[in-house]
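See structure below.
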Amino acid sequence: MVIQSRAIDPHWNYFVALDDDLVKLSRYVDLHEKNFDCYSIEIARILLASAAEVDVICKQLCKKVEPNSSADNINAYRSEITVAFPNLTKLKVLVPRFGLTLRPWDEWQNQGVPLWWTAYNKVKHHRHTDYEKASLKNSLNAVAGLFVVLLHLYKDKAVLGELAPNPQLLTLEHVDGMSITGAGINVSYALDR
């Protein structure tokens, strides 16, 4: 018996697990704007896990663009990533099942910090006073933000339709041709580079 293996993308698998966590959460808390301020231990866990992963991916994305990059915080990431990928801030992540459209990097258009990132830091460092910032809205945007930066990091695989498995909940707004097939996500629009 022969078992073949190939390199996997642990960051993609981690994102897919977070997407699955949102699916499971939606059985108990509807992903609806009336619940956006809802917070809980599980919602906090999703926020903390996804935003921490964004930190890791942004560092890698900066190194991919500029191998000598020393970017190590959200403002430095913004400076490097938005120069290389100016359209990243405009990408919309859809949650079709719940009729939601998210723009997780919108604040970067005006040199700001994403609100979900600020919430993440408040919850991480001051959970005793800022626990309510671990809201559904912030968690959804953090997972969506992770999705966007991963598509940029793994652009070559995305273009070939090799990012698999597919997320169950999140997709990108259709821009110049994007499809999700049984084989994986196939992004055929320009991610700027």
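Evaluating V65 against the criteria (1) touching a residue at least 60 places away in the same chain (Cβ under 8 Å); (2) surrounded by 19 or more Cβ atoms within 10 Å (Cβ to Cβ) leaves one unmet condition, (2). Screening F15 on (1) out of contact with any Pro (no Cβ under 8 Å at 6 or more places or on another chain); (2) more than 17 Å from D130 (Cβ to Cβ) shows it passes everything except condition (1).
Quick check on T89: is it more than 16 Å from A51 (Cα to Cα), hydroxyl-bearing (S, T, Y) and at pLDDT 95 or above? Before you say what the answer is, go through the steps one by one.
Numbers: more than 16 Å from A51 (Cα to Cα): yes; hydroxyl-bearing (S, T, Y): yes; at pLDDT 95 or above: no.
Spelling it out, it is not the case that T89 is more than 16 Å from A51 (Cα to Cα), hydroxyl-bearing (S, T, Y) and at pLDDT 95 or above.
Condition check: outside any helix (DSSP H, G or I) and not small (G, A, S). Does V83 satisfy that? Break it down stepwise before answering.
Working: outside any helix (DSSP H, G or I): no; not small (G, A, S): yes.
Spelling it out, it is not the case that V83 is outside any helix (DSSP H, G or I) and not small (G, A, S).
Taken over the range 99-120, residues that are surrounded by 15 or more Cβ atoms within 10 Å (Cβ to Cβ) and assigned to a helix (DSSP H, G or I) amount to 9. Kindly provide the set of residues from the range 68-85 that are closer than 17 Å to K155 by Cα and surrounded by fewer than 18 Cβ atoms within 10 Å (Cβ to Cβ), ordered by number. Result: T82, V83, A84. Of all the numbered requirements in (1) of a type in the set (S, T, N, Q); (2) in contact (Cβ under 8 Å) with a residue 40 or more places away in the chain; (3) buried (at least 17 other Cβ atoms within 10 Å of the Cβ), S40 misses one, and that requirement is (3).
Applying the set (1) in contact with a helix residue (DSSP H, G or I) (Cβ under 9 Å, 6 or more places away or on another chain); (2) surrounded by 16 or more Cβ atoms within 10 Å (Cβ to Cβ); (3) more than 18 Å from D37 (Cβ to Cβ) to G161 leaves exactly one unmet item: (1). Among the residues of the range 136-151, those that are surrounded by 23 or more Cβ atoms within 10 Å (Cβ to Cβ) and either farther than 13 Å from F15 by Cβ or of a type in the set (G, A, S) (or both) comprise L136, N138, S139, L140, N141, A142, A144, G145. Any chance the range 2-22 includes a residue that's assigned to a loop (DSSP other than H, G, I, E, B), crowded, with 16+ Cβ neighbours inside 10 Å and touching a residue at least 24 places away in the same chain (Cβ under 8 Å)? The answer is yes; a qualifying residue exists.
Being in a loop (DSSP other than H, G, I, E, B) and either at pLDDT below 95 or aromatic (F, W, Y) (or both) is a description that does not apply to A158. The residue of the range 23-68 that is farthest from H128 (Cα to Cα), among those that are part of a loop (DSSP other than H, G, I, E, B) and among the hydrophobic types (A, V, I, L, M, F, W, C), is L31.
The values are calculated or read from the model by the stated rules, or taken from the named source; none is laboratory data. Because the structure is predicted, anything quoted here is derived from the model rather than measured. In this analysis, Cβ positions are derived from the backbone assuming ideal geometry, glycine residues included, and neighbour counts consider all displayed protein chains.
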